[in-house]
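Enquirer: Below you'll find the structure I mean.
The values are calculated or read from the model by the stated rules, or taken from the named source; none is laboratory data. Everything numeric here is computed off the predicted structure, so don't read it as measured data. As a convention, Cβ positions derive from the backbone with ideal geometry for all residues, glycine included, and neighbour counts pool all protein chains shown. To get the accessible areas, we keep the full protein, side chains included, count just its heavy atoms, and leave off ligands, DNA and RNA. Shrake-Rupley method; radii C 1.70, N 1.55, O 1.52, S 1.80 Å.
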Amino acid sequence: MNKTTIYFKYGAMNSGKSLDLIKVAYNYKENNINSLVLKPEIDTRAPGKVYSRTNLSIDSLEVPVDDTKKMMEMIEAEMGNSKVILVDEANFLSPESIDCLVAYVYDHQISTLMFFGLKVDFKGKLFPGSKRIVEIADKLEETTSICWCGKKARQNGRAIGGKLIKTGDTVLIDNLQGKSQYITLCNYHFYTGQITVPKD
């Protein structure tokens with residue numbers, strides 16, 4: 001009987017997903033359970049690390065987004081006796097990469113595969129990788145952040161020149177030292193495009 005469990009911890013930006021991954025990895029380590037931490041190489045903000053906005057970080061293996069053969073070769077070379085795989089920014093992986101990871105953990109009796117990432121892009125559409133994870137995950141858990149109005153944020157808006165935009169390339173990585181071009185919004189303010197508190 002296969003006891004592998006696949007999780008997807010998702011949420012809008014600034015909801016603490018990377019911090020949760022770091023905490024999970026630490027808890028496993030405290031219990032003498034080795035975990036392999038992965039992130040897509042497209043995330044260039046902190047090379048070789050999963051980085052939280054709280055300034056905490058953990059070493060990670062950077063894997064290609066679309067080259068599944070290379071990705072799996074890298075994982076097999078680094079897996080060792082790890083019983084857990086933790087994946088940050090999983091939304092950037094291709095559906096094919098997700099399927100390869102799932103097949104690997106099932107075939108090798110890996111106890112836990114945990115994906116952490118965004119569910120939707122700045123246009124309010126599912127990332128293809130996230131869609132695939134939702135389809136195959138055993139457990140889904142939403143992390144929370146808030147809109148400027150105080151309601152729960154569900155959308156990741158991209159703001160340029162003080163205005164919300166919904167066109168352009170899906171992937172635009174923020175520089176950690178620069179001001180974010182993204183803002184978390186509730187569904188209503190994502191719909192209306194209102195990104196600041198109205199003046200009296």
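Enquirer: Amide H neighbours of L61 under 5 Å, counting only residues 5+ apart in sequence or on other chains, H built in-plane at 1.01 Å?
Expert: V37, L38, K39
Enquirer: On to the next question. Can you match Kirkwood radius over Cα pairs in Å to one of these, (1) 18.0; (2) 17.5; (3) 16.8, based on a calculation from the structure here?
Expert: The value computed from this structure is option (2).
Enquirer: Below 8 Å between Cα atoms, with a sequence gap of 6+, how large is the relative contact order for the range 1-127 in percent? Show your work: numbers first, answer last.
Expert: Numbers: 218 pairs, mean separation 44.9, N = 127.
The normalised contact order for the range 1-127 reaches 35 percent.
Enquirer: Roughly what would the spin-label model give for C100 and K123, points 7 Å off Cα along C-beta, in nm?
Expert: 2.5 nm
Enquirer: Using the Cα centre as the reference, give the magnitude of the dipole from point charges on the C-beta atoms of the chain (Lys, Arg: +1; Asp, Glu: -1; all else neutral), rounded to the nearest 20 debye.
Expert: Values: 26 positive and 24 negative charges, 205 e Å.
Computed charge dipole of the chain: roughly 980 debye.
Enquirer: Just in the range 125-171: which GluC sites (Glu not before Pro) are loop by DSSP and have at most 15 other Cβ atoms within 10 Å? Walk me through the numbers before you get to the answer.
Expert: Working: sites: E135, E141, E142; in loops: none.
Filter output for the range 125-171: empty list.
Enquirer: While we're looking at this one, here's another question. Could you rank the peptides 188-195, 38-45 by their average count of other C-beta atoms within 10 Å per residue, with the highest value first?
Expert: On the way: 188-195: 15.9, 38-45: 19.2.
Result, highest mean Cβ count within 10 Å first: 38-45, 188-195.
Enquirer: Right, next: Quick check: at a probe of 1.4 Å, how many percent of the accessible area of the chain sits on carbon and sulfur atoms?
Expert: Numbers: 5410 of 10800 Å².
Using a 1.4 Å probe with all protein chains present, the chain comes out at 50 percent carbon and sulfur.
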